[in-house]
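Novice: If you scroll down you'll find the structure; I have some questions about it.
The values are calculated or read from the model by the stated rules, or taken from the named source; none is laboratory data. Model, not experiment: these values are computed from the prediction. Positions of Cβ are generated from backbone atoms using ideal geometry, with glycine treated the same way; all protein chains shown enter the neighbour counts.
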Amino acid sequence: MSHSDSYTPSKERYTNSVGYQNCGKSGLKLPRISLGLWHNFGDVDDADEALKMIQFAFDNGITHFDLANNYGTPFGSAEKNFGKILKKHFSDYRDEMIISTKAGHEMWPGPYGDGGSRKYLMSSIDQSLNRMKLDYVDIFYSHRYDPETPIAETMGALSDIVKQGKALYVGISKYPEDKAREAYQILKENGTPCLIYQGRYSIFTREIEQEVLPLAEENGVGFIGFSPLAQGMLSDKYLNGIPENSRAAHSYGFLQKSQLTADKIEKISKLNDIAAQRGQTLAQMALAWCFHKTQIDSVIVGTSSVKQLQDNIDSLKNITFTEDELWRIGELG
Ligand SMILES: NC(=O)c1ccc[n+]([C@@H]2O[C@H](COP(=O)([O-])OP(=O)(O)OC[C@H]3O[C@@H](n4cnc5c(N)ncnc54)[C@H](OP(=O)(O)O)[C@@H]3O)[C@@H](O)[C@H]2O)c1
């Protein structure tokens, strides 16, 4: 029997863990670091490493796994592969896990496989549950605002998905501030308040600090940041070219080589120096930095190896920054 066939989670997973934070004003606690399955868990990826990462995450108290209908290459394969892992190794631990999924981006052909219509969301949640072999997800998101669908229709579908028992909580992702405001109001009126806003947040992408973050706080809505490493740019890996097997090297990866401009590399190099002065890797500093905003409840990292996940968990050993460090980092963002 291989290690993976006989998986027993670490008994230390909650004592020696990443720690937890209430999501907004809700009672739901999220781990400071969550694991995202956008890349690295599809059919094109290493299934063995994928399994090890899920187990390693759980062993370290990472209880939250973030998916979407179209994650993985091909679309849906991350949910399908995660479902297999859950069934084989985690069937006794479902009540210790927070699993989220989403619909909003292109998923299947034709007018009902994209956007924010009730037709799309209702079909998509059923497909996601079927792929993951689950009765419910913990959080279901509208993955993006759809200007071609009345917002009350999208929010109505989210609320009904909760009322049908297919999700425990709802969230929105990447909504512009004015639309998020409307969404929070409608969801409140529907009796299914918004749990969480998921937005891009890193040293390189700070727009949400202006309006989205204060609005979420005002409404008691939690905030979870995605791509905190700017898809890997906020690490030392691209300082000397594009390594084989990195996201920028893959034809199916979302990080484009063109994003790695000379100017960007120079900033990354200077950030790497600041991280070294703090005794951290750049990836560790970039994750730790996210928590200088107290409204950040959790960050969702993607990893392609257990080693990266360990590196990222270790970021929590030092999340304190001096004013001078924050200023210098801010200048390079
Ligand atoms: N709501 C939305 O619209 C949305 C959009 C994007 C993402 N998300 C969520 O956020 C999650 C994370 O997004 P992301 O994957 O872009 O996050 P990220 O953490 O910014 O980037 C992940 C990539 O960074 C590299 N990396 C991670 N740890 C590293 C380390 N310690 N040292 C060096 N490199 C490291 C790996 O790249 P290599 O593969 O090159 O090794 C990894 O694949 C997704 O899985 C998804 O759940 C949501």
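Novice: Can you say whether V221 is more than 10 Å from the ligand (Cβ to nearest atom) and touching a Leu at 6+ places or on another chain (Cβ under 9 Å), as far as the supplied structure shows?
Specialist: yes
Novice: A further question follows. So F291 ticks every box in (1) more than 13 Å from the ligand (Cβ to nearest atom); (2) at positive phi but one. Which box is left unticked?
Specialist: The failed condition is (2).
Novice: Can I ask one more? Only one of (1) within 21 Å of K29 (Cα to Cα); (2) outside any helix (DSSP H, G or I); (3) among the aliphatic types (A, V, I, L, M); (4) within 12 Å of the ligand (Cβ to nearest atom) fails for L309. Which number is that?
Specialist: Every condition holds for L309 apart from (2).
Novice: Related question: If I go through the stretch 267-287 residue by residue, how many of them are more than 12 Å from the ligand (Cβ to nearest atom), surrounded by 14 or more Cβ atoms within 10 Å (Cβ to Cβ) and among the aliphatic types (A, V, I, L, M)?
Specialist: Qualifying residue count for the region: 2.
Novice: crowded, with 22+ Cβ neighbours inside 10 Å, near the ligand (Cβ under 9 Å from one of its atoms) and in a loop (DSSP other than H, G, I, E, B): is that true of S246 in this structure? Working first, answer last.
Specialist: Values: crowded, with 22+ Cβ neighbours inside 10 Å: no; near the ligand (Cβ under 9 Å from one of its atoms): yes; in a loop (DSSP other than H, G, I, E, B): yes.
Against the criterion (crowded, with 22+ Cβ neighbours inside 10 Å, near the ligand (Cβ under 9 Å from one of its atoms) and in a loop (DSSP other than H, G, I, E, B)), S246 does not qualify.
Novice: Another question, if that's okay. Mind checking which residues of the stretch 21-53 are over 16 Å from D66 (Cα atoms) and either away from the ligand (no atom under 15 Å from the Cβ) or in contact with a Gly (Cβ under 6 Å, 6 or more places away or on another chain) (or both)? I'd like the intermediate steps shown before the answer.
Specialist: Quick first cut of the stretch 21-53, residues over 16 Å from D66 (Cα atoms) only: 21-22, 24-27, 43-49, 52.
Within the stretch 21-53, Q21, N22, G24, K25, S26, G27, D43, A47, D48 meet the criteria.
Novice: A further question on this structure: In the list K237, K264, which residue meets the criterion of being at pLDDT 95 or above, more than 9 Å from the ligand (Cβ to nearest atom), charged (D, E, K, R) and farther than 18 Å from G72 by Cβ? Steps first, answer last, please.
Specialist: Values: K237 fails: more than 9 Å from the ligand (Cβ to nearest atom).
When all the criteria are applied, what remains is K264.
Novice: Residues that are within 20 Å of V221 (Cβ to Cβ) and either under 19 Å from the mean Cα position of the chain (by Cα) or within 16 Å of the ligand (Cβ to nearest atom) (or both): find the helices (runs of 4 or more DSSP H) completely inside the stretch 75-193 holding 3 or more of those.
Specialist: Passing ranges, in order: 177-189.
Novice: Also, I was wondering about something else. In the stretch 292-333, what residues are surrounded by fewer than 14 Cβ atoms within 10 Å (Cβ to Cβ) and closer than 30 Å to D48 by Cα?
Specialist: Those that are surrounded by fewer than 14 Cβ atoms within 10 Å (Cβ to Cβ) and closer than 30 Å to D48 by Cα: K307, Q310, K317.
Novice: What are the pairs, 6+ residues apart or on separate chains, where a residue within the stretch 110-137 that is at pLDDT 95 or above has its Cβ under 6 Å from a residue that is in a helix (DSSP H, G or I) and among the polar types (S, T, N, Q)?
Specialist: Going by the 6 Å Cβ cut-off, the qualifying pairs are G116/T154.
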